[in-house]
Amino acid sequence: MISESLKKPLACWRGKERYDDGIVECLTIIFESGGCSWARCRMCSYRHERYRAQSCEELAAHLNAQLAWVRSQFNLDEFPMIKIFTSGSFFDPAEVPLTFQKEVALAFRGKIVIAESRPEYITPDTIGHFLSELNDGTHATPLYCAIGLETTNDIIREKCINKGFTYADFKQAVTVAHTAGAGVKAYLLFKPPFLTEAEAVTDTRSSLADLAGTVEMVSMNPCTVQRRTELELYWKQGDYRPPYLWSVLSLLKDAPMHVTCDPLGGGQQRGPHNCGKCDYDITKGIRDYSISADRDLIGALLEIVCTCKNEWEYVLDRERPYCMPLTR
Ligand code: SF4
Ligand SMILES: [Zn+2]
């Protein structure tokens with residue numbers, strides 16, 4: 001029987017991750033936290049996921065119950081790597097109390113932890129304290145701060161996403177993380193709203209070039225249409241189409257570093273998709289590539305013969321942004 005002090009997190013699953021030219025077992029946990037303090041990005045529905053606690057103590061107890069559930073369900077010895085997400089930022093003390101951050105560091109001491117956070121919460125104090133509990137000397141870099149940078153272009157991040165921080169903020173967080181002895185994983189969002197397919201490809205291509213040599217890991221998220229978001233409104237009006245999987249392949253093929261990619265909703269209308277016939281093989285291939293880093297696989301996938309490739313090329317060539325009037 002599950003006791004009352006155990007609470008299932010929003011999600012928790014085992015998988016494999018590429019790390020240091022090898023493959024490791026990884027446990028991914030999505031904690032139900034106090035919720036994102038920003039909560040304004042146009043494409044994000046996670047911001048609706050929040051536990052409304054009356055006090056910091058109640059929130060910490062709620063989170064501790066989830067950690068206890070994880071311990072009751074999994075043998076942690078099997079996982080050298082733990083990925084932690086919340087519905088916002090793990091290092092935001094208003095969302096995840098410092099006492100619980102410490103509990104997590106102690107629970108996963110000696111492992112590699114990848115924890116997601118906005119850059120403003122990556123401070124010398126927070127990262128230093130977390131690392132001092134987590135690090136037992138097993139790994140040279142026990143912590144990676146995962147930051148949803150989305151793009152290195154400030155205008156696109158502000159206008160198309162409404163992310164609320166700048167590339168300079170991100171770079172400052174990278175410096176703080178590196179100085180403290182942590183690594184950085186950058187997430188890029190491929191094709192936010194208001195961009196044509198070609199503009200989106202150009203944006204992600206230049207973001208990848210900018211990031212080369214500055215962070216330890218890069219992951220690309222092809223945009224999906226989540227429920228109860230501003231993006232969903234545009235999509236329902238026919239003003240937004242998620243990216244083509246062909247575009248994802250072309251970006252992975254030319255990237256200056258290994259880029260991981262899990263095309264959520266791949267092949268579905270709300271997710272990155274082609275025509276419906278070639279989607280399954282390409283989505284699976286992209287997931288395999290994330291683990292294997294085999295560029296030849298990406299090359300082979302780009303050679304798949306499907307009539308929708310002509311459509312994609314036509315869209316890249318002919319799609320134009322529709323202009324808003326500058327004056328009234
Ligand atoms: S994308 Fe991240 S920062 Fe933006 S609203 Fe969602 S959880 Fe908050
Ligand atoms: Zn096709």
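With viscosity set to 0.890 mPa s and temperature to 25 °C, compute the Stokes-Einstein D of region 1-124, Rh being the Kirkwood radius across alpha carbon pairs; µm²/s, no decimals.
For these conditions, the coefficient is 163 µm²/s.
For a quick check: with amide H placed at 1.01 Å from N, whose amide H comes under 5 Å from GLU150's, ignoring anything fewer than 5 positions away on the same chain?
Under 5 Å from the amide H of GLU150 lie the amide H atoms of TYR187, LEU188, LEU189, each far enough along the sequence or on another chain.
Going by average Cβ density within 10 Å per residue, which order do the peptides 119-128, 245-254, 59-68 take, highest to lowest?
Put in order of decreasing packing, that is 245-254, 59-68, 119-128.
How big is the accessible area of GLU319 in square angstrom, nearest 10, if you roll a 1.4 angstrom probe over the protein chains?
About 70 Å², ignoring ligands and nucleic acids.
Once ligands and nucleic acids are excluded and a 1.4 Å probe is used, how much of LYS185 is accessible, expressed in Å² to the nearest 10?
Per-residue accessible area (LYS185): approximately 10 Å².
Using Cβ-Cβ distances only, list the Cys residues of the chain with no partner cysteine under 4.7 Å, sorted by number.
CYS12, CYS26, CYS36, CYS56, CYS145, CYS160, CYS223, CYS261, CYS323 - these cysteines have no disulfide-compatible partner (Cβ-Cβ under 4.7 Å) in the chain.
Which one of ILE122, VAL218, GLY164 is farthest out on the positive end of the charge dipole of the chain, using unit charges on Cβ (Lys, Arg +1; Asp, Glu -1) and the Cα centre as origin?
Farthest towards the positive pole: GLY164.
Roughly how big is the chain's charge dipole about its Cα centre, with Cβ charges of +1 (Lys, Arg) and -1 (Asp, Glu), in debye to the nearest 20?
820
What does the charge count around ALA115 come to, taking other residues whose C-beta lies under 10 Å from its C-beta (Lys +1, Arg +1, Asp -1, Glu -1)?
For residues surrounding ALA115, the net value is +1.
Among THR307, GLN269, ILE112, which residue has its Cα positioned farthest towards the positive end of the charge dipole of the chain, with +1 placed on the Cβ of Lys and Arg, -1 on the Cβ of Asp and Glu, and the dipole taken about the Cα centre?
After comparing all options, I get GLN269.
The values are calculated or read from the model by the stated rules, or taken from the named source; none is laboratory data. Bear in mind the structure is a predicted one, so any value in this text is a computation, not a measurement. Here Cβ is always computed from backbone atoms with ideal geometry, including for glycine, and neighbour counts include all displayed protein chains. These area figures cover heavy atoms from the full protein model, side chains too; ligands, DNA and RNA do not enter into them. Shrake-Rupley method; radii C 1.70, N 1.55, O 1.52, S 1.80 Å.
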